[in-house]
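The values are calculated or read from the model by the stated rules, or taken from the named source; none is laboratory data. Keep in mind that what you see is a predicted model, and the values were worked out from it rather than measured. Cβ placement follows ideal geometry from the backbone for every residue including glycine, while neighbour counts extend to all protein chains displayed.
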Amino acid sequence: MSRLTNKVAIITGATGGIGMATSALFIAEGAKVLLVDKDEVKLEKLAQDLGESASFIRADVSKQDENQKYVQAALDTYGQIDVLFLNAGIAGIPTPLWDISEEDFDLMMNVNVKAVWLGMKYTLPFMMRQGSGSIIATSSVAGLKGQVRGASYVASKHAVVGLVKTAALEVGKMGIRVNSINPGPIETNMVRDLEDTISRSDREKARKILESNIPMKRYGRPEEVAKLALFLASEESSFINGGVHTIDGGVSC
Ligand SMILES: NC(=O)c1ccc[n+]([C@@H]2O[C@H](COP(=O)([O-])OP(=O)(O)OC[C@H]3O[C@@H](n4cnc5c(N)ncnc54)[C@H](O)[C@@H]3O)[C@@H](O)[C@H]2O)c1
């Protein structure tokens, strides 16, 4: 028996690097997956590639009603939600704290923080009735320490940890576990965008600079994050609640 047989998962940020790898792994382990992202074209292609265990809905998770909409879609399609992977996120452009615009700060908070709260808010009543569930939110090493020119991202990812810890306290007794994943640099578009801000003309040089700051001297792979998400989604982590799980090659040390 696979680790997610008869389970239904919602994955936000599903067409991004970590989201795609996790969607594929969850399906390989027997889950039905509702893919959520704001990019409809990529969603359609991903759902096709993943086959009949995948369905999708376009949603901008920074909008209150669109969170409600994807939760309802999961219930309408599958009648249950066992795993909620709140993974959509943006990194913004590295900017000194005093130069961040109000608009950019608000966007960061809406996508990275408010969406995590709303995803929990609309899924938890169902999971509480069901008496089970695993919620996983993608924070970051930036949720554990400061980062020069990263004030709004760092604040948003610290807030994710706060939401996870509080939810874990509130719903643990109802059979629901809530955990965060805190990656270091992972090889996705997000890290490529970061390379561009270091040296647009010489990405290889930018990569070397970033990798030199990682104790394991390489980026993580999305598939490695997906394996941690699978562990937290499955019964293998049955007593792990409110945990902050770094996957960063040692960066946070
Ligand atoms: N890649 C890294 O180095 C790294 C490190 C630490 C944390 N993270 C976190 O991992 C998560 C996944 O990122 P990734 O690395 O796969 O990057 P990615 O850019 O490949 O994926 C992010 C996904 O989120 C989606 N998204 C963004 N805004 C959205 C919105 N308003 N509504 C719906 N979907 C939206 C994007 O369309 C994209 O598919 C993010 O929360 C990110 O902050 C990434």
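Among the residues of region 35-56, write down those that are within 13 Å of the ligand (Cβ to nearest atom) and either in a helix (DSSP H, G or I) or out of contact with any Asp or Glu (no Cβ under 6 Å at 6 or more places or on another chain) (or both).
Leu35, Val36, Asp37, Asp39, Glu40, Val41, Lys42, Leu43, Lys45, Leu46, Phe56
Considering only region 109-126, I want to know if a residue exists there that is within 11 Å of the ligand (Cβ to nearest atom) and outside the structural domain of Lys63 (by TED's automatic domain parsing).
Within region 109-126 (the criterion being within 11 Å of the ligand (Cβ to nearest atom) and outside the structural domain of Lys63 (by TED's automatic domain parsing)), the answer is no, since none of the residues qualifies.
Only one of (1) more than 13 Å from the ligand (Cβ to nearest atom); (2) outside any strand (DSSP E or B); (3) farther than 23 Å from Ala28 by Cβ; (4) of a type in the set (A, V, I, L, M) is not met by Leu230, so which one is it?
Condition (3) is where Leu230 drops out.
So Glu224 ticks every box in (1) in contact with a helix residue (DSSP H, G or I) (Cβ under 8 Å, 6 or more places away or on another chain); (2) assigned to a helix (DSSP H, G or I) but one. Which box is left unticked?
Tallying (1) in contact with a helix residue (DSSP H, G or I) (Cβ under 8 Å, 6 or more places away or on another chain); (2) assigned to a helix (DSSP H, G or I), Glu224 fails exactly one: (1).
Filter region 127-152 down to the residues that are assigned to a helix (DSSP H, G or I) and surrounded by 17 or more Cβ atoms within 10 Å (Cβ to Cβ) and list them by number.
Met127, Val141, Ala142, Gly143, Ala151, Ser152
Given Ala167, Ala155, which one is assigned to a helix (DSSP H, G or I), more than 9 Å from the ligand (Cβ to nearest atom) and closer than 17 Å to Ala88 by Cα?
Answer to the selection: Ala155.
One line per residue, one yes/no per condition, for (1) acidic (Asp, Glu); (2) under 17 Å from Ala155 (Cα atoms); (3) modelled with pLDDT of 95 or more:
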site	(1), (2), (3)
Ala9	no, no, yes
Thr12	no, no, yes
Ala21	no, no, yes
Ile27	no, no, yes
Gly30	no, no, yes
Ser62	no, yes, yes
Ala73	no, no, yes
Glu102	yes, yes, yes
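Could you tell me how many of the residues in region 3-22 are within 17 Å of the chain's Cα centre (by Cα) and either more than 11 Å from the ligand (Cβ to nearest atom) or among the aliphatic types (A, V, I, L, M) (or both)?
Within region 3-22, the subset within 17 Å of the chain's Cα centre (by Cα) is 8-22.
With either more than 11 Å from the ligand (Cβ to nearest atom) or among the aliphatic types (A, V, I, L, M) (or both) added as a condition, the list becomes 8-11, 14, 18, 20-21.
Result for region 3-22: 8.
So, in region 9-34, how many residues would count as being of a type in the set (A, V, I, L, M), over 18 Å from Ala59 (Cα atoms) and outside any helix (DSSP H, G or I)?
Step one: list which residues in region 9-34 are of a type in the set (A, V, I, L, M), which gives 9-11, 14, 18, 20-21, 24-25, 27-28, 31, 33-34.
Narrowing the set further to residues that are over 18 Å from Ala59 (Cα atoms) leaves 21, 24-25, 27-28, 31.
Now narrow it down to the ones that are outside any helix (DSSP H, G or I): 31.
The number of residues fulfilling the criteria is 1.
Results for (1) surrounded by 14 or more Cβ atoms within 10 Å (Cβ to Cβ); (2) small (Gly, Ala, Ser), shown as yes or no for each residue.
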site	(1), (2)
His158	yes, no
Ala167	yes, yes
Ser180	yes, yes
Ile186	yes, no
Arg200	no, no
Ala206	yes, yes
Ser212	no, yes
